[in-house]
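Report on the structure given below.
The values are calculated or read from the model by the stated rules, or taken from the named source; none is laboratory data. What you see is a predicted model, and the numbers here were worked out from it, not measured in a lab. FYI the Cβ positions are ideal-geometry reconstructions off the backbone, even for glycines, and counts take in every protein chain you see. For accessibility, only protein heavy atoms count, side chains too; no ligands or nucleic acids. Shrake-Rupley method; radii C 1.70, N 1.55, O 1.52, S 1.80 Å.
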Amino acid sequence: MKIKIAKNSGFCFGVRRAIDIALGVSKKSGSVYTIGPIIHNPQVVGELENKGVKVIKKLSDIKTGSIIIRAHGVPKNIFDEAKAKGIKILDATCPFVTRSKNYAEKLGSEGYKIIIIGNPKHPEIKYIFSYLPKNTVILKTNEDIKKLKFFPKMGIITQTTQSPENFIKIASGLLGYSNEFKIFNTICPDAINRQKETQELARKCDVMFVIGGKNSANTKRLAAISKKIRKKTYHIETARDLKNEWLKNVKCVGIVAGASTPDWIIKEAIAIIKKPGNKNCREKRRIGK
Ligand code: SF4
């Protein structure tokens, strides 16, 4: 059985940067807080918790200390509230996410109706939206376009983990709704590379495993892309989700992983795929070691 692993698997630049910032602070001061998980991977968040990076639900849960702004950013009111309370802020918002926010603000200042293509419930979109006029439009699917009226100028950005196909589909669906468009392609280059590799592997392999948090938008996107090509696609969080029957009569296994999946989870899954039933092979290496 062949195992083909995507080159772009595991932590992306933005996630690695956020984790390094969090670990650096916790090492110096013993503990540090994040509002919501720093990245969308429960295993990594659990590991970080052991190293003093604690998750709080809301800012009012702490009175002093330092907070890390996670890779997806946080809404402006939280940032301002932390500042006002004198809480030390370390901004680990991914520069690609900040870039999207800056483009959207630029579009607004140039008189464009701002359109964001993305999931309104995703933290990244909540962060960007919080800096924009309240009448900014968020489109999750093509269906949402029907609610729009005509605007003379439309400026479009998209969620960093969006698939190019979806972006093009929704953006082209807007053609009848304006005379002038300005579009920034704000899909993260890392996300595009992962999506391309996923498609390539799904075409070549009999079964695909997409490894990453069930709450990770980019991992879910990879799983959906793979499933379109290869029906036998399984989104697993860790090796414990693997089932032996998925590997029966399989000649080629394709493995991709989301941007917030650590190497040790990927290695553990590979070890079990190579040797099904070997549940004791959990890698020693952990975050920050
Ligand atoms: S996937 Fe891209 S935008 Fe998201 S954190 Fe990673 S580098 Fe940043």
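Scanning region 123-131 turns up no residue that is outside the structural domain of THR233 (by TED's automatic domain parsing), open to solvent by 40 Å² or more (accessible area, probe 1.4 Å) and small (Gly, Ala, Ser). Hey, among ILE116, ILE35, ILE78, which residue is open to solvent by less than 10 Å² (accessible area, probe 1.4 Å) and under 22 Å from the mean Cα position of the chain (by Cα)? Among ILE116, ILE35, ILE78, only ILE116 is open to solvent by less than 10 Å² (accessible area, probe 1.4 Å) and under 22 Å from the mean Cα position of the chain (by Cα). Can you pull out the residues in region 174-222 that are away from the ligand (no atom under 15 Å from the Cβ), charged (D, E, K, R), in contact with a helix residue (DSSP H, G or I) (Cβ under 9 Å, 6 or more places away or on another chain) and not in a strand (DSSP E or B)? Listed by number, the residues that qualify are ARG203, LYS214. Of the strands (runs of 3 or more DSSP E) lying entirely inside region 1-110, those carrying at least 1 residues that are charged (D, E, K, R) are 2-5, 53-56, 88-91. In region 132-139, the condition of being modelled with pLDDT under 95 and outside any loop (DSSP other than H, G, I, E, B) is met by no residue. The number of residues in region 11-28 being closer than 23 Å to LYS85 by Cβ and open to solvent by 70 Å² or more (accessible area, probe 1.4 Å) comes to 1.
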